[in-house]
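Participant: Take a look at the following structure, please.
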Amino acid sequence: MEKIILASGSPRRKDILNMLGIPFDVIVSDADESVPDGTAPGEMVKELSLRKAMAVSKNLSGEAIVIGSDTVVYLDNEILGKPKDAGDAYEMLEKLSGRTHIVYTGITVIFKSDSGEKAVSAVDATEVTFKKLTPGNISAYIASEEPFGKAGAYAVQGIGSIFIERINGDFFTVVGMSPKVLCGILESEGIDIMNLRK
């Protein structure tokens with residue numbers, strides 16, 4: 001069977017593959033994540049998931065399935081990535097407070113064989129509504145350090161879950177990789193995810 005590689009160091013994405021019972025190795029991608037200003041969020045996550053998967057795939061030999069993924073938070077025509085510092089995190093959470101934003105996650109799977117490789121990408125979007133946050137809520141959450149390294153400065157599967165009023169769409173898209181979308185990509189190439197399980 002082809003080896004499965006997750007082109008990400010994200011603990012959340014590792015947890016999702018472990019939840020599915022899929023054996024995999026992690027090779028963290030060193031792909032350039034800069035995109036031109038004005039890039040649509042759906043296009044951005046698709047492009048970056050492809051770049052991440054390709055950066056890992058190019059160094060592999062033999063058969064492999066390489067999974068790349070990227071997630072962004074989108075509000076008021078602005079992409080909210082990972083906060084640079086506490087001030088940046090505070091500003092993001094203040095913007096999200098009492099509002100509905102969209103989380104976009106792109107997944108690219110590269111199917112690599114001796115005869116070549118094929119990349120298949122998909123994008124999913126989920127609406128997330130935050131309750132109204134107080135300055136104390138925001139400061140205490142930042143003090144927990146959970147916002148750092150998270151798109152939009154929150155973790156839906158962690159302490160940040162207490163801020164969520166409503167989710168319209170796939171919860172796992174907000175976490176960082178939808179099993180449903182991943183399964184759809186694999187099925188498009190004739191692979192049943194159940195046959196990849198340990």
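Participant: Highest mean first, how do 57-65, 107-115 rank when packing is the count of other Cβ atoms within 10 Å averaged over residues? List each step's numbers first, then the result.
Facilitator: On the way: 57-65: 14.2, 107-115: 19.7.
Going from most to least packed, we get 107-115, 57-65.
Participant: Right, something else. Under the rule a/c < 1.5 gives rounded, and otherwise a/b versus b/c splits prolate from oblate, where does the chain land using the Cα gyration tensor?
Facilitator: Prolate shape, in that a/c is at least 1.5 and a/b is the bigger ratio.
Participant: Taking the Cα centroid of the range 12-76 and of the range 141-161, what is the distance between the two, rounded to the nearest whole Å?
Facilitator: 20 Å
Participant: If packing is taken as the average count of other Cβ atoms within 10 Å, what order do 168-179, 8-19 fall into, highest mean first?
Facilitator: The densest-packed peptide leads the list: 168-179, 8-19.
Participant: Now for a different question. Report the normalised scattering of the range 38-149 as log10 I(q)/I(0) at q = 0.11 Å⁻¹, calculated by the Debye formula with identical scatterers on the alpha carbons.
Facilitator: So the normalised log intensities work out to -0.47.
Participant: Using Cα pairs under 8 angstrom and six or more residues apart, how large is the relative contact order of the chain, in percent? Please list the in-between numbers first.
Facilitator: Details: 393 pairs, mean separation 44.4, N = 198.
Computed over the chain, the figure is 22 percent.
Participant: Lysines near residue 118 by alpha-carbon distance under 16 Å, same-chain residues fewer than 8 away left out - which ones?
Facilitator: 3, 46, 52, 58
Participant: Further question on the same structure: Test of the criteria: in the range 100-176, which GluC sites (Glu not before Pro) are in a DSSP loop and have at most 16 other Cβ atoms within 10 angstrom of their Cβ?
Facilitator: 145
Bear in mind that the values in this text are calculations on the coordinates, not laboratory data. Treat the numbers as computed from the prediction; the structure is a model and nothing was measured. With ideal geometry, Cβ positions are generated from the backbone for all residues, glycine too; neighbour counts draw on all protein chains shown.
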